[in-house]
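Participant: Take this structure, written in structure tokens, and hold onto it; I'll ask about it next.
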Amino acid sequence: MKLSLTSIAALIGLAAAPLLLTANSASAQSLLPGMNGNYIGVGVSAGVSNDSNTGVGVQGRFDVPLAPVSVRGAALFGGNSAALIPTVTYDAAIAPSTNLYVGGGYSFVTNEGRSTPLGDKNSPVLTAGVETGVLENLVIFGDAKVGFDAFQGRNDAAVSLQVGAGLRF
């Protein structure tokens, strides 16, 4: 799946719009506590680009206290390789115990040339997603990751969708 710069910009803009709407409103932020805390979870990761595959994803979040940012990590396993993706995200509360997040990082492919859900070579990554606490220690999450120039031999973007559940600690 080859993405144009226009379609990538539109995807990022769509994901960031709620952040821009809530960023200037301190009263909205105070009324919506959002989700806080750290978690680690597991789920399904599906590459929706050419030469990508479906696999298992492990994701984690470390909440930075007193700041609307988180440090995240994901490992997307598929085929004979994995994409290891550290990211930093901006988190915006959109409902009680629910955050929308957007951020960036880098994908390190453990066995370049072998397919993962996010391409087959190291690449910069943008991510956007949502997470919500459904029970005291249970979180569900879903996100999309776009890896730029993520395939060997061509400069196509890779897109991967993740959904899963995690335990808060």
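Participant: Where the eigenvalues come from the Cα gyration tensor of the stretch 106-159, what are the semi-axes √(5λ) of the equivalent ellipsoid, largest first, in whole Å?
Facilitator: Sorted largest first and rounded, they come to 28, 11, 7 Å.
Participant: Using alpha carbons only, how many angstrom separate the centre of the stretch 60-84 from the centre of the stretch 38-58?
Facilitator: What the calculation gives is 12 Å, centre to centre.
Read the figures in this text as sums done on the coordinates, not as results from a lab. Everything quoted here is computed from the prediction, not taken from an experiment.
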